[in-house]
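Student: Pasting in a structure now, in C-alpha cells, and then I'll have a few things to ask.
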Amino acid sequence: MEFGWREEEVRFRNEVRAFVSEEVPEEWTCLTPGEDPYSDTTMGFCHKLAQRGWMVPHWPKEYGGNAASAWDFAILSEELWMAGEPRGSQYMNVNWIGPAIIAAGTEEQKQLHLNRIASGDVLWCQGFSEETAGSDLAAMKTSALRDGDQYIINGHKVWTSYAGKAEYCFLLTRTEGSDTTKAGVTIFLVRMDTPGIKVEVIPSMLDVHKVHRLTFDNVRVDASCRLGDEGEGWTVVRDALSDERVGTPRYARAEKMLEQVVEVADRKGIFTDPGIRRQAVLALAACSSARLLTYKVRQARARGEGAGPEAYLGRCAIVRSERAVSDLALEVLGEEGLVSNSLSDGEFRTAMIAGLGGGSYEMQLNLIARLWLRMPK
Ligand SMILES: Cc1cc2nc3c(=O)[nH]c(=O)nc-3n(C[C@H](O)[C@H](O)[C@H](O)COP(=O)(O)OP(=O)(O)OC[C@H]3O[C@@H](n4cnc5c(N)ncnc54)[C@H](O)[C@@H]3O)c2cc1C
C-alpha cells in the first residue's frame, strides 16, 4: 500500500499551517507541549480555533463539530503539536475526554459538556493515577459511596496535570463493594470547585509543567455526574487511554525538531560525522514508523472499532521516536542543550513525559508481549 494525502487534505494542512504561523510564536516549538502557565494564551488560541470550526471538526454537528473526516482532525493535531501544542491542556478535551462523553454520556451530559469543549471554553484534568496505582491503574482505591441521589467520594489522586486551573475532573473511582479489579471502576465528571477537593502542587523536575496531588474529603456529587453505569467505567477508560496514547502526534513534532537539530549539526560542521548521520537516519526512521503505526490506529478508531493492541505498538514507537531525537539533540547541542527551553531541553522533557504519562513504556511493552505476541504472563 502506498500512503498519500488527497488534494483537499493537502489544502487543509496548508491552511492550518498558515493559520498557526500567524498565531503561534516560533519559540513555542521548544516548549514542552501542553505547558500550563500559558493558559490565558492557549485559551485565546482555542477560541480562535473554535471560530474557524477547527476545535472538533470531526465531531457531529449537534455537538459543535462539522462532521469532517477523522483525517482532517489528524492533520490538525499534527500541525498543532508540531507548533508546541498551542491548545495547552485542551488537547485532552478534544482527543479523549469529549469522545468518552460522546460514547458513554447521557444526553444531559452531552449538552452540558460537548459544546463548551467545542467552543474552547473549558479546562479539564484527568484524575486517574494514585500513589499505588500508576502502571497498575486497576489497583486504585478512591471510593464513591452511594447516598440517595448523590455519591460521597473519598481518596487521593497524584500527578494530576492542569488541576490548578481545571474546571472539571474526569475522575476514576471504585464504587462500594467492588474489588480491586477492572470491574467496579466508576467514572465521574466532577467540578473542581466542589467542596472537599484540595489541590496541591507536587514539586518536580518538570519545571513549568505542574503536577498535583488531589485530596477528596467527603466530596458530594450528584448521581447525574456519573459517566456510564456504576462499575462499568473500565471499557470507557480503555478506549479513552487508547485515544490518549496515539492522540498526541508526538512523532510529528519530533520530526520537526530533528530537522532543526540536523541544521545545527550542519552549522557546527559535525554532520559529516558518520556516527551523527547514522543517529539522525535512525531517528527519522523511528519518526516514520511511529507515524504509520499511529495512522493505523486512527483508521481503526475512525471505523468505530474499539481499542486494539495496535495502540500499544503505536505508543511505543512514538516514545522511541522522541527518545531518538532527544538523544541526538543532546549529542549535537552539547552544553548549549542544557539551557532551559533550548532545542534539546524541550525535547528531552517531552521524551521523558512520553515514556510515563498515558502509561509507562515498559507497561506498553508488557501489553504487546501479552496481547500481540501472545506470550504467557
Ligand atoms: C508529566 C506527567 C503528567 C502526568 N499527568 C497525569 C494526569 O494528568 N493524570 C493522571 O492520572 N496521571 C498523570 N500522570 C501519571 C502517569 O500516568 C503515571 O506516571 C504512569 O501511569 C506511571 O505510574 P507511576 O508513576 O505510579 O509509576 P510506576 O507504576 O510505579 O512505575 C515505575 C516504573 O516501574 C515500571 N513498572 C511498573 N510495573 C511494571 C511491570 N509490571 N513490568 C515492568 N515494569 C514495570 C514502570 O514502567 C516505570 O518505569 C502523569 C505523569 C507525568 C510524568
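The values are calculated or read from the model by the stated rules, or taken from the named source; none is laboratory data. All of these numbers come straight from a predicted model, not from anything done at the bench. Don't worry about glycine lacking a Cβ; one is built from the backbone with ideal geometry, like all the others, and counts go over all protein chains shown. Ligands, DNA and RNA are stripped out before the accessible areas are found, and what is left, the full protein with its side chains, is counted by its heavy atoms. Shrake-Rupley method; radii C 1.70, N 1.55, O 1.52, S 1.80 Å.
Student: Looking for whichever is touching a Gly at 6+ places or on another chain (Cβ under 6 Å), among the aromatic types (Phe, Trp, Tyr) and closer than 22 Å to residue 353 by Cβ here; the options are 81, 28. Which one fits?
Tutor: Exactly one of 81, 28 is touching a Gly at 6+ places or on another chain (Cβ under 6 Å), among the aromatic types (Phe, Trp, Tyr) and closer than 22 Å to residue 353 by Cβ, namely 28.
Student: Could you identify the single residue in 184, 177, 127, 155 that is modelled with pLDDT under 95 and buried (at least 18 other Cβ atoms within 10 Å of the Cβ)?
Tutor: 184
Student: Scan segment 250-285 residue by residue and report those that are within 17 Å of residue 349 (Cβ to Cβ) and acidic (Asp, Glu).
Tutor: none
Student: With 135, 161 as the choices, which residue is under 13 Å from residue 214 (Cα atoms), near the ligand (Cβ under 8 Å from one of its atoms) and open to solvent by 10 Å² or more (accessible area, probe 1.4 Å)?
Tutor: One residue alone meets the criteria, 161.
Student: Taking segment 285-295 on its own, how many of its residues are of a type outside the set (S, T, N, Q), open to solvent by 40 Å² or more (accessible area, probe 1.4 Å) and out of contact with any Phe, Trp or Tyr (no Cβ under 6 Å at 6 or more places or on another chain)?
Tutor: So the count comes out to 3.
Student: Cβ-Cβ under 6 Å, sequence separation 6+ or interchain: first residue in segment 259-272 and over 18 Å from residue 29 (Cβ atoms), partner surrounded by 14 or more Cβ atoms within 10 Å (Cβ to Cβ). Which pairs?
Tutor: From segment 259-272, the pairs are 270/276; 271/265.
Student: From the list 272, 235, pick out the single residue that is at pLDDT below 95, surrounded by fewer than 21 Cβ atoms within 10 Å (Cβ to Cβ) and not hydrophobic (A, V, I, L, M, F, W, C).
Tutor: The unique qualifying residue is 235.
Student: In addition: Would you say residue 322 is within 25 Å of the chain's Cα centre (by Cα) and modelled with pLDDT under 90?
Tutor: no
Student: Starting from residues that are touching a strand residue (DSSP E or B) at 6+ places or on another chain (Cβ under 9 Å) and of a type outside the set (A, V, I, L, M, F, W, C), keep the ones in segment 99-111 and report whichever is farthest from residue 306 (Cα to Cα).
Tutor: Checked segment 99-111; the qualifying residue farthest from residue 306 (Cα to Cα) is 109.
Student: Checking the condition within 14 Å of the ligand (Cβ to nearest atom), among the aliphatic types (A, V, I, L, M) and at pLDDT below 95, which residue from 211, 190 passes?
Tutor: 211
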